[in-house]
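Asks: Please read through the structure below; I'll follow up with questions.
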Amino acid sequence: MRIWLFSMIALLLNACGGTSAVVKHENNAAYHVTSQADTPQKTYTPATYIGVFQKPGELQPAVDFWRKTYTVWHRSEVAFHDDRYMDVIYEVMVLPGYVAEGLTNDQKELVSQRRDYWKAQLAALENKLRYHQPLNANDTQLISKLQSTGRPINSILTGGSERLRSQRGTRERFKRGLEVSGRYDSQFRKIFREAGLPEDLAYLPHVESSFQPAAKSSAGAIGMWQFTKAAAKIFMPGGNKVDQRLNPFASAYGAAHYLSYAYSKLGDWPAAVTSYNHGIGGMKRAQSQAGRDFAGIVATYDGPAFGFASRNYYAQFLAACEIASNPLQYFPEGVQYETPLRSEQDLALK
């Protein structure tokens, strides 16, 4: 998620992953082959709400995926999954030895090798089914796994090798973000409340930076709320005079200004929150081409730069909200929140 500048009259906001590894399969049940006609169609529950934020039933698989990423899978675990059908998880690999926040070259090579393995498996199975070739035990096992998702086999296998993606778990990182959030949560909530916005927008840094005040991105976004310099000039207090992107409170004010503006232009929270990653202009184009139904945008819109990160941004936010609002359900060992700062003046915000 990065906030990018776009033209609005004169200035508008455009656009504000040689040792063996252990493998844990997501489904260890006995596998068997059934005909595609026997495969049930995927059904979704009606839309629900997390606070004021709508959760379309079609997004449930993605929300579940990010909940696992944040609270179940450790940083030593890597899930191999379909980047469109988020409930299609082929396996979770446990990297051997000690695994730090960043992977070693050897660990990266293990992940790359396993990714190549699954690409080859999926491509081979797609060809076998297309040309009615004999299947081996691995093929039938994979078919059964895919059928267990309730999706038609062809929809998953067609192009499935190209959609294969790997995702490391972030349980340790997310929990640490929860602890750090204790310093800021009450003041962030006050900022959004006084701006007439939902207080749970205070959870957005879980997606952006895991509440790291000095976070930096390769795109030039800085700080807990990940503002670019251009966007900070528009939305942050004193943005034209001093760079306060490393100040969490100044950035929270900026995020409130931005999200208020985005909501006024886009008309709903799924689109406004996603615009924090994809930009207001980008989301307006998505609405124009795919309609106002957000689940439809996620499922069908293929505009420029609307890739995996943008499609999943709102689902990540919903998962973060669910976890942060009920942390003991996901971290039963407890979360040691840091002492709240008294106010933004603690960081010398003027």
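Only the coordinates and a few stated rules stand behind these numbers; no lab work does. Quick caveat, the model's predicted, so the values are computed rather than measured. FYI the Cβ positions are ideal-geometry reconstructions off the backbone, even for glycines, and counts take in every protein chain you see.
Asks: If you rank W225, W66 by fewest surrounding Cβ atoms within 10 Å, what's the result?
Replies: The order, fewest Cβ neighbours first, is W66, W225.
Asks: Measuring from the lowest to the highest alpha carbon on each principal axis, how far does region 174-338 reach, largest first, in angstroms?
Replies: The principal-axis extents, from largest down, are 46, 43, 32 Å.
Asks: Another one. Using label points projected 7 Å from each Cα along Cα→Cβ, tell me how many nm separate A47 and A120, to one decimal.
Replies: In this crude label model, A47 to A120 measures out at 4.6 nm.
Asks: Continuing with the same structure: Pop the C-beta distance of K241 and R342 into the FRET formula with R0 = 35 Å and round what comes out to the nearest 0.05.
Replies: With a Förster radius of 35 Å, E is 0.90.
Asks: Oh, and also: Charges only on Cβ, +1 for Lys and Arg, -1 for Asp and Glu: so what's the dipole of region 174-338 about the Cα centre, in debye to the nearest 20?
Replies: I would put it at about 600 debye.
Asks: Can you tell me the length gained on complete extension of the stretch E162 to S148, counting 0.36 nm per residue apart and subtracting the Cα distance? Kindly include the intermediate steps, with their values, before the conclusion.
Replies: Working: separation 14, 0.36 × 14 = 5.04 nm, distance 2.11 nm.
That pair, E162 and S148, stretches by 2.9 nm at full extension.
Asks: Past 22 Å, Cα to Cα: identify those pairs from K241/K284; K108/K229; K68/K216; K175/K216; K68/K175; K68/K284, in the order given. Write down the numbers at each step before the final one.
Replies: Values: K241/K284 31 Å; K108/K229 32 Å; K68/K216 25 Å; K175/K216 20 Å; K68/K175 13 Å; K68/K284 31 Å.
Over 22 Å Cα-Cα: K241/K284; K108/K229; K68/K216; K68/K284.
Asks: Also: What distance in nm separates the simple spin-label points at E179 and D302, each placed 7 Å from Cα in the Cβ direction?
Replies: Using points 7 Å along Cα→Cβ, the separation is 4.5 nm.
Asks: What is the spin-label model distance, in nm, from H132 to D64 if the labels are put 7 Å beyond Cα along the C-beta direction?
Replies: Going by the 7 Å Cα→Cβ label model, 3.5 nm.
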